[in-house]
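S.K.: Before I ask anything, here is the structure I am working with.
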There are 2 protein chains.
Amino acid sequence: MNAMRGSARKLAETVWGTGSGRTRVGYLGPPGTFSEEAARRYDPRAHHVPFRDIESVVRAAEEEKIDEALVPLENSTEGPVTRTTDLLVHRTDLRIRREVVLPIHLCLVTEGGVDFDEIRVVYSHPQAIAQCREYLARRLPKAETVASLSTVSAVEDMRVFGPGTAAISSMRAAKVRHAFVREGRIEDVAGNRTRFVVLAPRDHEPTGKDKTSICFDFAADGPGTLYQALGELANRRINMLKIESRPEKSSLGRYIFLIDFEGHRTDPFVGEALDRIRERASSFKILGSYPKALDPAP
Amino acid sequence: MNAMRGSARKLAETVWGTGSGRTRVGYLGPPGTFSEEAARRYDPRAHHVPFRDIESVVRAAEEEKIDEALVPLENSTEGPVTRTTDLLVHRTDLRIRREVVLPIHLCLVTEGGVDFDEIRVVYSHPQAIAQCREYLARRLPKAETVASLSTVSAVEDMRVFGPGTAAISSMRAAKVRHAFVREGRIEDVAGNRTRFVVLAPRDHEPTGKDKTSICFDFAADGPGTLYQALGELANRRINMLKIESRPEKSSLGRYIFLIDFEGHRTDPFVGEALDRIRERASSFKILGSYPKALDPAP
């Protein structure tokens, strides 16, 4: 049986320092998660430290037990990332220092070379199962699906329950857990990717190819407030990359806006626009300026 | 063991017509899900028909096997609702006819009056487990958590594995499965709610307290395009309620914007603004006009 509590205890015992002087990058564990994959892609030579939840990764970076916290921000297959946004907006003074975009692929793994006809049960996280529904109907029409706590623990569950079982996991989880990859890229819809951000006490210096993330809300509602704020960007030819509104929990009917746009907060035009938006806003926060991630090879 | 495939088959066998002349409202099953709770709250007297996934509910409404499809749109605990948005934006001609906002509460259930000290295993959907992590650490520090495919199948898993087990489910799932509710509202963070929409061939006639949902994108990027579109709303004093951008899958770097605002598409000012936005947009779709849901009692 997979025990979240058990593995959480293991993660908490991770030794902090390595004495090697390498950067310590915390991520949402255990080893084998897409978060670990993103951390390895981000900085292959860093010391990668697993944590049991997003709050713990962020807290460790605040307490300087690690140098950087890599956390999922959008479209994750590993749980609700509204947690990350809430932390960024309301609870932490850490800034976004980098972003990492990871293509999300799933694969079918087994213990040995079992025949597909003999596979009776497939384990995975319910969301991964949902993402491979058409594949399972086509390739394993007789297998039943059983939930696991994650795409990593699915590999353990498969092993515990023995012959006639398979799991849906990532390539990385299969490798970490020494399972046999039978088919890759089995997700029904291609192009799924998760955006991670790397949080640290300071954001990134300008590189010339940067983006900036901010959030703000308005005390006075009125139809035009957001429109005027966006005008401060548009009038300076600053290209908006993303916009999102979400309800402010503490006050019904009020919204927080999250905006990403091109440029660094130290660029003169950007700084000017930020000052104007700050003047209009009731609360305002720069989440960070950082290099724009290239769209990854699939 | 919980069998997604097994229960999917059961759902598909549901008899379509009831012969009673009642409205047939399809929802994401099985009975006991938050979707069923929303469907019952929306129209208590309707015939509620469970489906195995969001695509199937929508297809049944398109084929007029049901009158209305109730599907989760935002902040669900029952899987990724980007599926609903994708269907609305790209794949269906159904319109949003109503919205339903449901407060999401979780409870701890057991088979009988077992002592908390004797509970060794707690079953639930990984997302529900994550939402009750602090509660579990406080009340059941010695129990291990095991994944189920849903908060409904968690109750079945608890039953199959017998004494010393508990499940995290909704009140409705506990009732449907005749389990014993030990503690209610055990979620760590209050105020969680899911927004559902009711899809039908036609949207709703004006009521005077309406909102309208649209989506659009632009062929020409440029900083000001969205700003100008929002200006069409702001200049007519139309109050925006929500805005979201999401990457257009087929074309990297292009975005689709989803906007909710106050008013009905047949209101003269609204109609005018929509015409102006449509002229500027490369693609444009009215998802529907419908009565604004009141914020629910918690």
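The values are calculated or read from the model by the stated rules, or taken from the named source; none is laboratory data. Note that the coordinates shown come from a computational prediction; the quantities given were computed from them, not determined experimentally. Note that each Cβ is placed from the backbone with ideal geometry, even for glycine, and that neighbours are counted across all protein chains shown. For the accessible areas, the whole protein counts, side chains as well, though only heavy atoms, and no ligand, DNA or RNA atoms are used. Shrake-Rupley method; radii C 1.70, N 1.55, O 1.52, S 1.80 Å.
S.K.: How many residues are in contact with a Lys or Arg (Cβ under 7 Å, 6 or more places away or on another chain) and outside any helix (DSSP H, G or I) if we restrict to segment B:264-295?
M.R.: Going through segment B:264-295 one residue at a time, the tally reaches 8.
S.K.: Being of a type in the set (A, V, I, L, M, F, W, C) and within 13 Å of another protein chain (Cβ to nearest Cβ) is the filter here, so list the residues in segment B:114-131 that pass it. Let's see the steps before the verdict.
M.R.: Of segment B:114-131, the ones of a type in the set (A, V, I, L, M, F, W, C) are B:114, B:116, B:119, B:121-122, B:128-130.
Result: B:I119, B:V121, B:V122, B:A128, B:I129, B:A130.
S.K.: Something else: Quick check on my filter: what residues within segment A:23-41 are of a type outside the set (D, E, K, R) and not in a helix (DSSP H, G or I)? Before you say what the answer is, go through the steps one by one.
M.R.: Start the filter on segment A:23-41 by keeping residues that are of a type outside the set (D, E, K, R), which leaves A:23, A:25-35, A:38-39.
Within segment A:23-41, A:T23, A:V25, A:G26, A:Y27, A:L28, A:G29, A:P30, A:P31, A:G32, A:T33 meet the criteria.
S.K.: Note down all Cβ pairs under 6 Å where the first residue falls in segment A:258-282 and is acidic (D, E), the second is modelled with pLDDT of 95 or more, and they're at least six residues apart or on different chains.
M.R.: Note: pairs meeting the criteria are A:D260/A:K211; A:D260/A:S213; A:E262/A:K211.
S.K.: Given B:A190, B:A219, B:A234, which one is aliphatic (A, V, I, L, M) and open to solvent by less than 20 Å² (accessible area, probe 1.4 Å)? Lay out the reasoning, then the answer.
M.R.: Numbers: B:A190 fails: open to solvent by less than 20 Å² (accessible area, probe 1.4 Å); B:A219 fails: open to solvent by less than 20 Å² (accessible area, probe 1.4 Å).
Within the list B:A190, B:A219, B:A234, the selection yields B:A234.
S.K.: A further question on this structure: Restricting attention to segment B:278-292, does a residue exist that is on the phi > 0 side of the Ramachandran plot and either open to solvent by less than 20 Å² (accessible area, probe 1.4 Å) or within 21 Å of the chain's Cα centre (by Cα) (or both)? Break it down into steps so the answer makes sense when it comes.
M.R.: Keep residues of segment B:278-292 that are on the phi > 0 side of the Ramachandran plot, which gives B:288.
Next, only the ones that are either open to solvent by less than 20 Å² (accessible area, probe 1.4 Å) or within 21 Å of the chain's Cα centre (by Cα) (or both) stay: B:288.
Yes: segment B:278-292 contains one or more residues that are on the phi > 0 side of the Ramachandran plot and either open to solvent by less than 20 Å² (accessible area, probe 1.4 Å) or within 21 Å of the chain's Cα centre (by Cα) (or both).
S.K.: Turning to a different aspect of this structure: Residue by residue through segment B:41-61, note down the ones that are of a type in the set (D, E, K, R) and either surrounded by 17 or more Cβ atoms within 10 Å (Cβ to Cβ) or within 14 Å of chain A (Cβ to nearest Cβ) (or both).
M.R.: The answer is B:D43, B:R52, B:D53, B:E55, B:R59.
S.K.: While we're on this one: Just one of A:L233, A:L258, A:L226 is more than 8 Å from chain B (Cβ to nearest Cβ) and either modelled with pLDDT of 90 or more or within 28 Å of the chain's Cα centre (by Cα) (or both); which is it?
M.R.: Details: A:L233 fails: more than 8 Å from chain B (Cβ to nearest Cβ); A:L226 fails: more than 8 Å from chain B (Cβ to nearest Cβ).
Residue meeting the stated conditions: A:L258.
S.K.: Suppose we filter B:R97, B:R41 for residues that are among the basic types (K, R) and farther than 30 Å from B:P247 by Cβ; which single one remains?
M.R.: Details: B:R97 fails: farther than 30 Å from B:P247 by Cβ.
Of B:R97, B:R41, the one residue that is among the basic types (K, R) and farther than 30 Å from B:P247 by Cβ is B:R41.
S.K.: Related question: Kindly list, by first and then second residue, each pair from a residue in segment A:26-41 that is farther than 15 Å from A:L199 by Cα to a residue that is assigned to a helix (DSSP H, G or I) and open to solvent by 10 Å² or more (accessible area, probe 1.4 Å), limited to pairs with Cβ atoms under 6 Å and residues at least 6 apart or on different chains.
M.R.: What qualifies is A:G29/A:L11; A:P30/A:S7; A:P31/A:V176; A:G32/A:R172; A:G32/A:V176; A:E37/A:R172.
S.K.: While we're looking at this one, here's another question. Would it be correct to say that A:S148 is more than 14 Å from chain B (Cβ to nearest Cβ) and polar (S, T, N, Q)? Talk me through it step by step, then tell me what you get.
M.R.: On the way: more than 14 Å from chain B (Cβ to nearest Cβ): no; polar (S, T, N, Q): yes.
So A:S148 fails the test.
S.K.: Moving on to the next point. If the requirement is being β-branched (V, I, T), open to solvent by less than 30 Å² (accessible area, probe 1.4 Å) and in contact with a Leu (Cβ under 9 Å, 6 or more places away or on another chain), which of these qualifies: B:T212, B:T225? It would help to see each step written out before you state the result.
M.R.: Numbers: B:T225 fails: in contact with a Leu (Cβ under 9 Å, 6 or more places away or on another chain).
Unique residue meeting the criteria: B:T212.
S.K.: Another question, then. Among B:E111, B:E134, B:E78, which is the only one that is modelled with pLDDT under 95 and more than 14 Å from every other protein chain (Cβ to nearest Cβ)? Outline the logic, then answer.
M.R.: Values: B:E134 fails: more than 14 Å from every other protein chain (Cβ to nearest Cβ); B:E78 fails: more than 14 Å from every other protein chain (Cβ to nearest Cβ).
Of B:E111, B:E134, B:E78, the one residue that is modelled with pLDDT under 95 and more than 14 Å from every other protein chain (Cβ to nearest Cβ) is B:E111.
S.K.: Could you tell me which numbered condition B:I66 fails, if it satisfies all but one of (1) surrounded by 18 or more Cβ atoms within 10 Å (Cβ to Cβ); (2) assigned to a loop (DSSP other than H, G, I, E, B); (3) within 14 Å of another protein chain (Cβ to nearest Cβ)?
M.R.: (3)
S.K.: Separate question: Say we look at segment A:18-35 and pick out the residues that are in contact with a Ser or Thr (Cβ under 9 Å, 6 or more places away or on another chain) and at pLDDT 95 or above; which of these is most open to solvent (accessible area, probe 1.4 Å)? Spell out the reasoning first.
M.R.: Kept after step one, since they are in contact with a Ser or Thr (Cβ under 9 Å, 6 or more places away or on another chain), are these residues of segment A:18-35: A:24, A:26-30, A:32-35.
Those left that are additionally at pLDDT 95 or above: A:24, A:26-27.
Details: A:R24: 53, A:G26: 0, A:Y27: 3 Å².
Among those residues, the one meeting the criterion is A:R24.
S.K.: For segment A:117-167, what are the residues that are farther than 19 Å from A:H178 by Cβ and hydroxyl-bearing (S, T, Y)?
M.R.: Of everything in segment A:117-167, those that are farther than 19 Å from A:H178 by Cβ and hydroxyl-bearing (S, T, Y) turn out to be A:Y135, A:T145.
S.K.: Condition (residue is open to solvent by less than 40 Å² (accessible area, probe 1.4 Å), more than 23 Å from B:P126 (Cα to Cα) and at pLDDT 95 or above) applied to segment A:114-123: is it met by at least one residue?
M.R.: Yes.
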